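Here is the structure we will look at.
Laboratory data are not the source of any read-out in this text; all were calculated from the coordinates shown. Computed from a prediction, not measured in an experiment: that's the story for all the values here. Glycine gets a Cβ as well: all are built from the backbone with ideal geometry, and neighbour counts include every protein chain shown.
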Amino acid sequence: MSNAIKAVVFDLDGVITDTAEFHYQAWQRLADEEGIPFTRADNEFLRGVSRSESLQLLLQGRPVDDVTRQAMMDRKNAYFQGLLERLTPRDLLPGVADLFDLLDRANVRFGIASASRNARTAVEKLGIDGRLAVLVDGHSVARQKPAPDLFRHAAARLGVLPGECLVVEDAAAGIEAAIRAGMPCLALGPAERFAEIERRYGPVWRRDDLSGIELHDIEAAAQPASTWWVTQEGWQAEHQHHMETIFTTGNGYFCSRGSLEEGYPGDHALTLAHGIFDDIPIAITELANLPNWLDLMITVDGQLFRLDQGTCLHFSRGLDLRHGLLRRQVRWQAPDGTVLDVTFERFASYTREHIGAMRVMLTAVNRACHVTVETGIDGHVSNEDLLHWHHLAQGQHGESGLWLLSQTRHSELDLATAAMVSTPGQSPVQYRQCPGQPRLIVAQELDVAQTLQVDKLVCYTASRDPVEQAANVVERALAELAGRDYDTLRAEQVGAWESLWDDCDIEIEGDDEAQLAVRFNLFQLIIAAPQHDDRVSMGAKTLSGLGYRGHVFWDTEIFILPFFTFTLPHLARNMLMYRYHTLEGARRKAAGNGFNGAQYAWESAATGDEVTPAWVPDHNGKELVRIWTGDIEIHISADVAYAIMQYWQVTGDDGFMRDYGAEIILDTARFWADRAEREEVDGRHRYSFRDVIGPDEYHDHVDNNIYTNRMAQWHLQTALELLTWLDGLYPAHARALRDKLELDDACLQHWRDVIDHIVIHHDPATGLLLQFEGFFDLKRIDPAVIAQTERSMQVVLGIEGANASQVIKQADVIMLLCLLRDQYDARTWQTNWDTYMPITDHRYGSSLGPSFHAWAACEIDRADDGYEHFMLAARADLHDVRGNADDGIHGASAGGLWQAVVFGFAGLRLTDDGITVQPRLPSHWRHLSFRIRYRGGLVRVDIAQGGAVQITG
Ligand code: G6P
Ligand code: MG
């Protein structure tokens, strides 16, 4: 989306000369004569607005017939023209002449775009007509500002892309028109005048007048803020899947990958919504690709607009993280030579979570042409080759609405998709009802420089939505769209995202790459966090790809949730409630394995039952590999408990703990105590967890993995303390839980015994924690080999080979140190860092590692080393470090990034005395600030390089 400014379009009245004042005086005279109250303040609303619209505003609803209306406009115009007589070349406003000279010298073409039908006269009187490359006015287009048409018209006449053309305007309506046109703009005038625009559209570049303006100011205006925009220049088909993941947008209900609206061969268009699971072979269940709301086909004189056809003269895309908008600008030449500027904007509404909105603008650049836009709902979607939908019915609604009712083939969930299409130019809309793909068609003859705008709103509603009458999905979808329009939804979107960032932004001064990456990663988490549904949670790949089929792992609790817990706790609560609602599934899993209590699934979906595939094809797709994680990677139950305790500590949400959290922690504690294996050694007893997988999945079937054992011990200890808390404050609840979960004295005594006698291999002399029994008997691999590998070490060594070697996929011991950081001393930290870090497959092991390694490095005062790990996580998706970004966003890496900054570089801790920090910023960061929500209050933390700290709130 970065463009060099190639042209400037000036508004006339109030920008080039002070004829805005003449307009005011003319209207004032008319109003006085008619006895209509009118003031300078009232005139602000008339600024930049067409003559007839201005009169409308002036009359404020007074009934006037058409003849009188016309007479009034003529009178006002006569007064205005009288004033215009006085205009001379001396009447250019400050800075205008200098700027014209500057632009001439820089070969930047410029012109005037004014709604005034008197513009040409004014220009002649000012003596500037010979200098303008173009003059477009109230006669040039049908729709006036704030419609985008006039400025797009000017840009097309100048032969530049909308994004390459700066608009200079003094009127709010004009700035709005420029923004809608997809053009950079400069607002002239007092800040109050643009306050409403900024509220609706976000910050604008503003000055009092044009004096002293420099070329570099203008250049800067065209560059989107580099720390808020993820951009792509040029289209490269070979990167399309990576880009689809990067440009995913969503709202917590659904997310859509950044595929092109018009489609491209081989694309992976995908829209996923929480909870819409359907059955599949091998992986048991997966999120189903929803009917495609982006469905769009454009033709130009019968030629299909697609980037693999004709010639793409320009392509740029930008994801506006700050406002949750995805924009694209294309200049395309059809095979017959017709050139079209096509601008796309779309978003998943954060305020109306069922709705997606898109706007397409087509402008004919070099010749008149006939364009058609066919758009609707495409139900012919699949997950790769797997079909999930039956389409039950479809229809049209009113003048420009249509709908499709679908049902998942196995889980039998109903989904309605409804769409509403509008073309502000009012071209006729026709229907086309292909089975499974209802569409609307808009057709228009476009003159040169004329624009066709098509707005489309789409709504998804499902029978599983937590609302009354949920089954009547079609009616709900249509009702949700009724009366909505793109611009209002967009303004809500801007406001909603501004306030989200107010709560959760991290600001880094001195490192724009890190700044952008952090915001990008947080954005990707926010769009996948359920806002209004607590029966679902975030999968490992968020909602941005088919990787892991939408299944929920420990990634959510340990990596992703801390960000939400500390900044947007209502979202964390939803995802923790998912674990409560799926407790029955966890109980079934425990019972199935012959244990008491609740054992969370390694991979979890709608019900909480284990959905880890037991066998999957290997990386060559040739052989089936047995996956053991669902059987024996048991630490997840403690991870869930950890996240609940953290949530409770940060929010103080006792109600949650009493009603839900306690039951989870206590029932999973029962599992741990039952799963612990009692052994007699040298006449003494102890407890082991044998045959498990720890976080380091290069090693399976290991005994006494220290992460698992220590977290289980912590879990049991926590459960006992929690029960004491419950006994004290909520005895009735405590009694009920004791009864329900059979927590009698013998049971609790057994927990204490396990806590006291669980095997923890922690060498008191050196501080070394043994990852699992026998680890150091495995084959030693030269750290240099691991450091230089270009593939995963599991691929290099083979699954068995990695199992037999001292090479680690991801933080395991180090992970434990981070989670229980206050329980380990400096020597333990240092010894284990020195031992395990050199033999970790940092680059090609797990994407879960780098962020925690960054945090860990800070704990041993090596922030600059930490920074290297941090950037590995920061770039994971933006740079497709692992080559698998197509599968979706690495959610755990994204969440870990927040922890690396806040727990690592800032050293944030919650202590009995409240919040403390222990900064250790990377040496080139000048300043770090972030917000957290602690027990309901917003706290802002500011840290300067060198250690100055401010905690406010
Ligand atoms: C410009 C001015 C408005 C005016 C409009 C129509 O946009 O800023 O104040 O109403 O042009 O001008 P006209 O000269 O055609 O009445
Ligand atoms: Mg103006």
*Only helices (runs of 4 or more DSSP H) wholly contained in the stretch 819-923 count here; list those with 2 or more residues that are surrounded by fewer than 24 Cβ atoms within 10 Å (Cβ to Cβ).*
826-836, 863-874
*Sole residue being assigned to a strand (DSSP E or B) and not acidic (Asp, Glu), chosen from Arg686, Arg658, Arg690*: Arg686
*How many residues are in a loop (DSSP other than H, G, I, E, B) and either loosely packed, with under 11 Cβ neighbours inside 10 Å or out of contact with any strand residue (DSSP E or B) (no Cβ under 8 Å at 6 or more places or on another chain) (or both) if we restrict to the stretch 739-759?*
3
*For Gly48, work out the one condition from (1) crowded, with 21+ Cβ neighbours inside 10 Å; (2) small (Gly, Ala, Ser); (3) more than 13 Å from ligand 1 (Cβ to nearest atom) it doesn't fulfil.*
(3)
*Among what's in the stretch 36-45 and is more than 12 Å from ligand 1 (Cβ to nearest atom) and either over 15 Å from Lys76 (Cβ atoms) or of a type in the set (A, V, I, L, M, F, W, C) (or both), pick the residue that is surrounded by the fewest Cβ atoms within 10 Å (Cβ to Cβ).*
Ala41
_Close pairs from the stretch 177-200: first within 19 Å of Lys6 (Cα to Cα), partner of a type outside the set (A, V, I, L, M) and surrounded by fewer than 18 Cβ atoms within 10 Å (Cβ to Cβ), Cβ under 6 Å, at least 6 apart_ = Leu186/Trp205; Ala187/Arg206
*Within the stretch 864-890, can you find the residues that are in contact with a helix residue (DSSP H, G or I) (Cβ under 6 Å, 6 or more places away or on another chain), over 28 Å from Leu543 (Cα atoms) and touching a residue at least 40 places away in the same chain (Cβ under 8 Å)?*
Gly866
*asked:* For the stretch 345-403: of the residues being under 19 Å from Gln430 (Cβ atoms) and of a type in the set (D, E, K, R), which is surrounded by the fewest Cβ atoms within 10 Å (Cβ to Cβ)?
replied: Glu399
*Listed residues Val123, Val96, Val136; which is in contact with a His (Cβ under 9 Å, 6 or more places away or on another chain) and either farther than 13 Å from Leu12 by Cα or within 16 Å of ligand 2 (Cβ to nearest atom) (or both)?*
Val136
*asked:* Pull out all pairs, ordered by first then second residue, where Cβ-Cβ is under 7 Å, the residues are six or more apart or on different chains, the first lies in the stretch 714-727 and is farther than 14 Å from Asp745 by Cα, and the second is outside any helix (DSSP H, G or I).
replied: Trp714/Leu820
*Answer with yes or no whether Leu489 is within 28 Å of Arg940 (Cα to Cα), buried (at least 17 other Cβ atoms within 10 Å of the Cβ) and among the aliphatic types (A, V, I, L, M).*
no
*Members of the stretch 2-35 found to be surrounded by fewer than 21 Cβ atoms within 10 Å (Cβ to Cβ) and either away from ligand 2 (no atom under 16 Å from the Cβ) or not in a helix (DSSP H, G or I) (or both), listed by number*: Ser2, Ala4, Lys6, Asp18, Gln28, Arg29, Ala31, Asp32, Glu33, Glu34, Gly35
*If you scan the stretch 159-176, which residues turn out to be within 16 Å of ligand 2 (Cβ to nearest atom), of a type in the set (Asp, Glu) and touching a residue at least 60 places away in the same chain (Cβ under 8 Å)?*
Glu169, Asp170
*Does the stretch 54-78 hold any residues that are without any contact (Cβ under 8 Å) to a residue 24 or more places away in the chain, away from ligand 2 (no atom under 16 Å from the Cβ) and in a helix (DSSP H, G or I), and which are they?*
Leu55, Gln56, Leu59, Asp66, Val67, Thr68, Arg69, Gln70, Ala71, Met73, Asp74, Ala78
*For the stretch 303-331, how many residues are in contact (Cβ under 8 Å) with a residue 40 or more places away in the chain and in a loop (DSSP other than H, G, I, E, B)?*
8
*Kindly state which strands (runs of 3 or more DSSP E) lie completely within the stretch 79-187 and contain at least 3 residues that are under 13 Å from Ile16 (Cβ atoms) and hydrophobic (A, V, I, L, M, F, W, C).*
109-113
*asked:* Residues to consider are Phe38, Phe45; find the one that is within 14 Å of ligand 2 (Cβ to nearest atom) and either over 17 Å from Gly174 (Cα atoms) or free of Cβ contacts under 8 Å to residues at least 40 places away in the same chain (or both).
replied: Phe45
*List the pairs whose first member sits in the stretch 8-29 and is among the aromatic types (Phe, Trp, Tyr), whose second member is assigned to a loop (DSSP other than H, G, I, E, B) and surrounded by fewer than 22 Cβ atoms within 10 Å (Cβ to Cβ), and whose Cβ atoms are under 7 Å apart, counting only residues at least 6 apart or on separate chains?*
Trp27/Phe38
